[in-house]
1. Gain in length, Ser131 to Lys61, computed as 0.36 nm per residue apart minus the alpha-carbon separation, to one decimal in nm?
2. How large is Rg/Rh for the range 64-166, to two decimals, with Cα atoms and a Kirkwood Rh?
Amino acid sequence: MKNFTHKILILTLVSTFLFSSCSSDNEIEEFNSYGRHDISLSYTNMEQEIFNLINNHRTSKGLPELGIYNIVSSEAITHTDYMIETGDVSHANFGTRHQNLVAYASAKSVSENVAYGFSSAEAVVNAWLNSEGHRLNIENASFTDFGISTKGNDEGRYYFTNIFIKR
């Protein structure tokens, strides 16, 4: 009888461990955050300036202003952190960002601008406007929303990710 009770106790403990590790609260919370579209972010002065400069440029061309969408900025933050970590300005993993925004922001189209080393919002936006590909993203009439991330590395040099979507 003692051996049977011991086996039941072990079986119960193993079952409890297995069932409790089959789902991840973090994954559920992450999905719910995206699914509810309620990600809360705050923007730096430089990021707000970039939003304003891009929207001012668009309106000067007769284009509608873009909305600031926190889910899009969340993807931009992840990419800016990646660029700082690797020390490489790139569009690496763009496919993943695109898929995330299609799934969680109902994006029909996604594009991005990246940059490094500029010390002001005006300087980075001017650089994008002077580059045909970047300017075309900014002036794309079908885009409805955008997000931004601007962060400095340990040396104080800024990295920028600006993502545009059409919903």
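1. Going from the current span to full extension adds 23.5 nm.
2. In the range 64-166, Rg relative to Rh is 0.95.
Every number in this text was worked out from the coordinates using simple rules, so none of it is lab data. Model, not experiment: these values are computed from the prediction.
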